[in-house]
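A.B. asks: This is the structure I have questions about; it appears just below.
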Amino acid sequence: MEFARRFRSPGHVILLIAREGYFGRRRGHTELSTYLVESAGLIPSATIVEMLSDTGRSMTKEEAMAFASQNSLKFIEGKAIVEEWQMVRVMATGGLRHTAPRPPSLSEGE
């Protein structure tokens with residue numbers, strides 16, 4: 001019953017394809033999520049959804065940060081992921097890598 005009370009159905013879930021080179025051409029949610037998953041050493045496949053507040057509208061950044069804190073989750077801003085990519089890119093080609101090593105750090109606590 002707890003799950004049913006807390007779960008909100010997403011409006012839509014679609015398949016995503018990141019652009020080759022990640023953020024060199026586009027810095028969208030698709031590239032952010034794919035790079036994050038691949039950097040963890042996983043197959044570059046992710047599902048992203050929009051978080052809704054109790055009002056039925058998209059959560060604000062502050063609401064999303066509070067949700068993460070209340071549920072023991074990490075809140076990572078897109079700019080932190082792009083900064084990490086820029087550091088790693090110095091040593092790599094920036095292309096899609098299916099066996100990518102984990103970056104040195106992923107801005108804990110943001």
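Each reported figure results from applying straightforward, stated rules to the coordinates on display, with no laboratory input. Since this is a predicted model, take the numbers as computed values, not measurements.
A.B. asks: Provide the per-residue ³J(HN,Hα) series for segment 70-75, in order, calculated from phi with Karplus coefficients 6.51, -1.76, 1.60 and θ = phi - 60°, each as a whole number of Hz, with x at glycine and proline positions.
C.D. replies: 5, 10, 6, 10, 8, 10
A.B. asks: Oh, and also: Under a 5 Å amide H to amide H cut-off, with H placed in plane at 1.01 Å, what residues pair with LEU52 once short-range neighbours are removed?
C.D. replies: MET59
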